[in-house]
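Report on one structure; see the data block that follows.
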Amino acid sequence: MDIIYVETTVFGNLAGRMHPNPDIASRQRIMREWWQTAAIRYRIVTSQLTLDECSDGDPSAATERLELLQGIPLLDGSDDAETLAESLINRKAVPASQPRDALHIAIAAVNGVQFIATWNFKHILNPHLQAQISGTCREAGFIPPVICTPEQLKVTEDDP
């Protein structure tokens, strides 16, 4: 069974009311549909970092996000993950202003996760950074996870 690291933006799209922007609302619908069967098809994991980020902001929304996280195993944010996150930043695979995004990637890679599910197109699922992320992970001795959206995982699930 493939392992998917689910980072904070996924829970942000799962929780709360539908967004008035139709593009974001569509993403929320896709996310919510995928989430209903994700735990059957995949081993879903996350990290303390995701819990911390989901705790931020509006208390009501934070409570809803944290309820979604209940029971999801937390991966170890080891020294190896910290070192890889620093390398991702030093090699400009992730901007220095986004150390948490680098740590999401590093935790997944160090723990041998096959996929990272994200809606963060700016720093995690940025096509201009993917080769640099992969190369940095490989140079550090880790297989880089495939970084994709839940929608991309859903398309794969529906294919014969």
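The set of residues in the range 1-39 being of a type in the set (Gly, Ala, Ser) and closer than 17 Å to Leu75 by Cβ consists of Ala38, Ala39.
Among the residues making up the range 4-23, those that are surrounded by fewer than 18 Cβ atoms within 10 Å (Cβ to Cβ) and out of contact with any helix residue (DSSP H, G or I) (no Cβ under 8 Å at 6 or more places or on another chain) are Arg17, Pro20, Asn21, Pro22, Asp23.
Yes or no: the range 10-21 includes at least one residue that is at pLDDT below 90 and polar (S, T, N, Q). Yes - at least one qualifying residue is present in the range 10-21. Screening Glu64, Glu82, Glu33 for residues that are in a helix (DSSP H, G or I), at pLDDT 95 or above, of a type outside the set (Lys, Arg) and surrounded by 13 or more Cβ atoms within 10 Å (Cβ to Cβ) leaves exactly one candidate, Glu82. Kindly indicate the residue of the range 92-141 that is in contact with a Gly (Cβ under 8 Å, 6 or more places away or on another chain) and within 17 Å of Asp76 (Cβ to Cβ) and also surrounded by the fewest Cβ atoms within 10 Å (Cβ to Cβ) among those meeting that condition. If we take residues in the range 92-141 being in contact with a Gly (Cβ under 8 Å, 6 or more places away or on another chain) and within 17 Å of Asp76 (Cβ to Cβ), then Leu103 is surrounded by the fewest Cβ atoms within 10 Å (Cβ to Cβ).
Selection of first residues in the range 1-22 that are within 14 Å of Glu53 (Cβ to Cβ) and of second residues that are of a type in the set (Lys, Arg) and surrounded by 13 or more Cβ atoms within 10 Å (Cβ to Cβ), restricted to Cβ pairs under 6 Å at least 6 apart or on distinct chains, gives the following pairs, ordered by first then second residue: Phe11/Arg65; Asn13/Arg27; Ala15/Arg65. Would you be able to tell me the number of residues in the range 67-79 that are loosely packed, with under 15 Cβ neighbours inside 10 Å and either of a type in the set (A, V, I, L, M, F, W, C) or part of a helix (DSSP H, G or I) (or both)? The number of residues fulfilling the criteria is 3.
Within the range 45-57, being more than 15 Å from Glu67 (Cβ to Cβ), outside any helix (DSSP H, G or I) and free of Cβ contacts under 8 Å to residues at least 60 places away in the same chain holds for one residue alone: Asp56.
The values are calculated or read from the model by the stated rules, or taken from the named source; none is laboratory data. All of these numbers come straight from a predicted model, not from anything done at the bench. Glycine also receives a Cβ, built like all others from the backbone with ideal geometry; neighbour counts cover every protein chain displayed.
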